[in-house]
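Derivation of every value follows stated rules applied to the coordinates shown; laboratory data play no part. Everything numeric here is computed off the predicted structure, so don't read it as measured data. FYI the Cβ positions are ideal-geometry reconstructions off the backbone, even for glycines, and counts take in every protein chain you see.
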Amino acid sequence: MKRGRISLKIACEAAQSCDGAVEVKTAKPVSLAAAVVSKRKIVGLTRETVFSIPAGDSAAVRARLTRKAKRLFKLQRKVKAKVAIRTERGGQTNTTTQRLTVKAKKASAS
């Protein structure tokens with residue numbers, strides 16, 4: 001994570017170009033307030049981000065963080081997340097999910 005964005009490397013191994021969308025959410029319900037433990041929800045870390053990758057190539061897809069995600073990263077340095085990648089190849093839609101840990105960069109001393 002850098003400058004309010006998450007960068008995800010996605011490869012297209014098909015014979016045609018891959019068009020799709022990626023969305024990142026927390027893997028488990030989390031609390032957005034430091035003192036409140038009972039109000040836990042799954043938070044969308046990014047909105048759905050659309051991408052298009054040429055056949056046989058890979059690209060870094062940069063997704064912008066939501067306001068709730070920025071608040072969550074102020075409370076926690078790292079968050080376990082679930083990434084949903086929806087690809088469309090030749091009229092067929094395929095959804096793949098992957099779990100990962102997103103770490104916030106340390107603020108630089110200016």
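Could you give the nm distance between label points at K103 and S58, where each point is 7 Å from its Cα heading toward the beta carbon?
Distance between label points: 1.9 nm.
As an exercise, take the mean of 1/r over every pair of distinct alpha carbons in the chain, invert it, and state the Kirkwood radius in angstroms.
About 15.0 Å for the chain.
Report the calculated FRET efficiency for Q92 and K2 (r = Cβ-Cβ distance, R0 = 35 Å), to the nearest 0.05.
The pair Q92/K2 has a calculated efficiency of 0.55.
Using +1 at the C-beta of Lys and Arg and -1 at the C-beta of Asp and Glu, which of L100, I53, V79 has the Cα lying farthest in the positive direction of the dipole of the chain?
My answer, from the dipole projection, is V79.
Explain nothing, just the number: dipole magnitude of the stretch 5-102 about its Cα centre with +1 on each Lys and Arg Cβ and -1 on each Asp and Glu Cβ, in debye rounded to the nearest 20. Each step should come with its number before you reach the end.
Numbers: 22 positive and 6 negative charges, 217 e Å.
Using only the charged Cβ atoms, the result is roughly 1040 debye.
Stretched out fully, how many nm does the piece from R67 to E13 gain, at 0.36 nm a residue minus the Cα gap? Let's see the in-between values first.
Working: separation 54, 0.36 × 54 = 19.44 nm, distance 3.37 nm.
This chain segment gains 16.1 nm when fully extended.
Under 20 Å from the 7 Å Cα→Cβ point of E48, by amide nitrogen: which residues of the stretch 57-95?
Hits in the stretch 57-95 for E48 at 20 Å: 61-69, 82-95.
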